[in-house]
């Protein structure tokens, strides 16, 4: 009888311990799940990190009507066409082009666009850029522009010469090396169809549209932003018939 009493007592003790462990397990689960549930029992919202401008910086976002930049670093890849804003007023010259192994000068009079195709591109360096809903336009005037090494074809009438003598040709193929450059005057540009544009400075910017300017301590709405001179990174992208801007500016920002 004493043995039966001992067995019963041991069983009771084990049962109590099991119940205590079960209760402790429930409390531990509650404590664990409270980290991922809100107080109402639903999933807790995950907070995404907020990026704010540093001191002296501003972020500009919104819809753009017109954008211009001075000093933007641009490198164009073929194909593209050089165009005079006022037909016949512009001029362009390609110097030190190689045609059949001979150095030549190629002249274009601006009467019709000059299509340039091939394997290469044109490094404009720092230049003026304008962008609106019709696409970007890059100025070619001013500094001498460097052709990237490669082979090219010009798709309109040009004059090709050596030593001051030029012969009209209905297009020409040439090879460019480190000495091959282009210069122009008379408001000559490269105009492209709407596309994503990425620009870096330093330089100056003018932006108009429906804009939001974020500073380190506040965010303002604006219809125009003038910036510079200073470093900048700008992305312009067509979206649903609109032109969107996302810019980081480091320097003097004037928003109105």
| task | Report yes if residue 142 is surrounded by 14 or more Cβ atoms within 10 Å (Cβ to Cβ) and at pLDDT below 95, otherwise no. | result | yes
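Here are 118, 125: which of them is in the same structural domain as residue 188 (by TED's automatic domain parsing), under 17 Å from the mean Cα position of the chain (by Cα) and in a strand (DSSP E or B)?
On the way: 118 fails: under 17 Å from the mean Cα position of the chain (by Cα).
Only one candidate passes the filter, namely 125.
Name the one entry in 218, 244, 223 that is within 16 Å of residue 197 (Cα to Cα) and surrounded by fewer than 21 Cβ atoms within 10 Å (Cβ to Cβ). Break it down into steps so the answer makes sense when it comes.
Working: 218 fails: within 16 Å of residue 197 (Cα to Cα); 223 fails: within 16 Å of residue 197 (Cα to Cα).
Among 218, 244, 223, only 244 is within 16 Å of residue 197 (Cα to Cα) and surrounded by fewer than 21 Cβ atoms within 10 Å (Cβ to Cβ).
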| Only listed residue being at positive phi and under 16 Å from the mean Cα position of the chain (by Cα), chosen from 110, 62 | 62
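The values are calculated or read from the model by the stated rules, or taken from the named source; none is laboratory data. These numbers were taken from a predicted model, which means no experiment stands behind them. All Cβ positions, even for glycine, are placed from backbone atoms using ideal geometry, and neighbour counts span all protein chains on display.
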